[in-house]
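Novice: Provided herewith is a single structure, encoded as structure tokens, for subsequent inquiry.
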Amino acid sequence: MATRIGFDMDGVLADFATAFREVELRLFGPSSSVKVESPEVEAEHEENAAARAAAEGPTPRETRRRRDAIWTAIHHTPDFWTTLKPLDAGAVRRIHELMLRHRWEVFFLTQRPATAGLTVQRQTQLWLQQQGFDLPSVLVISGSRGAAAGALRLNYHVDDSPQNCLDVASDSRARPILIVPDRDEITENSAKRLRIGVARSVGEALDTLEQVEVGGPAEPTILNKLSKIVGWK
């Protein structure tokens, strides 16, 4: 049976944080410092106003106003999701090459909010094609990433969100790999205790997945191979 792998988009393949900062700079200048809010959070807030109020807590009014203005600008930018830069210029092409070589079934999962122009799915497909992946399977989802991983019968899922990785580990049989770009011992140790793999980048995650795919006979199962590579106990 083919290995089935899911990849999150923003923070794994696409550099949303830089695009957010560019919109902030254009609107408010270099003195502004609004925390970058992930597309998933904005999508959830759009669906549930109560969740937004709870998440905001005592957020200062001016910070909230600026954040809302940044997201309004993003929503009104035609085909915004096609404009993002890749975090690793060769990563998507490499995923495509590995997919063909190892006969992987690859899915790109995202929870991006809508913008002007094409649908989120179509924008994401076009971006992936521009980066070197033809005929990408893009799923725009809401709710638990673990439920999606279970429905897709994924073997692995690569994500930059600890919560998404925890959902995948709890609600599916997929093995999550968490992208942690900067050393964070607390997050990394917690992830390993929960049997979540850790990688510094999508490139390192792909190295891990390829090692699992081509590993020698000393490790009898895929799970044992991955456990050895990522340091699970």
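The values are calculated or read from the model by the stated rules, or taken from the named source; none is laboratory data. As the structure is a computational prediction, the values presented were derived from the model and not from experiment. Protein only, heavy atoms only, side chains kept; ligands, DNA and RNA dropped before computing areas. Shrake-Rupley method; radii C 1.70, N 1.55, O 1.52, S 1.80 Å.
Novice: What residue among T63, T119, T110 has the largest mean-square fluctuation in a Gaussian network model of the chain, using Cα springs under 10 Å?
Specialist: T63
Novice: Whole angstrom only: what separates the Cα centroid of segment 137-156 from the Cα centroid of segment 86-101?
Specialist: 20
Novice: Where the accessible area of the chain is counted over protein heavy atoms with a 1.4 Å probe, how much of it, in %, is carbon and sulfur?
Specialist: After summing per-atom areas, the C and S share lands at 52 percent.
Novice: Provide the per-residue ³J(HN,Hα) series for segment 197-211, in order, calculated from phi with Karplus coefficients 6.51, -1.76, 1.60 and θ = phi - 60°, each as a whole number of Hz, with x at glycine and proline positions.
Specialist: Running phi through 6.51 cos²θ - 1.76 cosθ + 1.60 with θ = phi - 60° gives x, 10, 9, 6, 7, 5, x, 5, 4, 5, 4, 4, 5, 5, 4 Hz.
Novice: At q = 0.28 Å⁻¹, what is the base-10 log of I(q)/I(0) for segment 62-121 according to the Debye formula with one equal point scatterer per Cα and no solvent? Please give it to two decimals.
Specialist: Listed by q, the Debye log ratios stand at -1.12.
Novice: Also: Quick query: amide H of T3 versus all other amide H atoms, modeled in the peptide plane; which residues come in under 5 Å with a sequence gap of 5 or more or a different chain?
Specialist: E105
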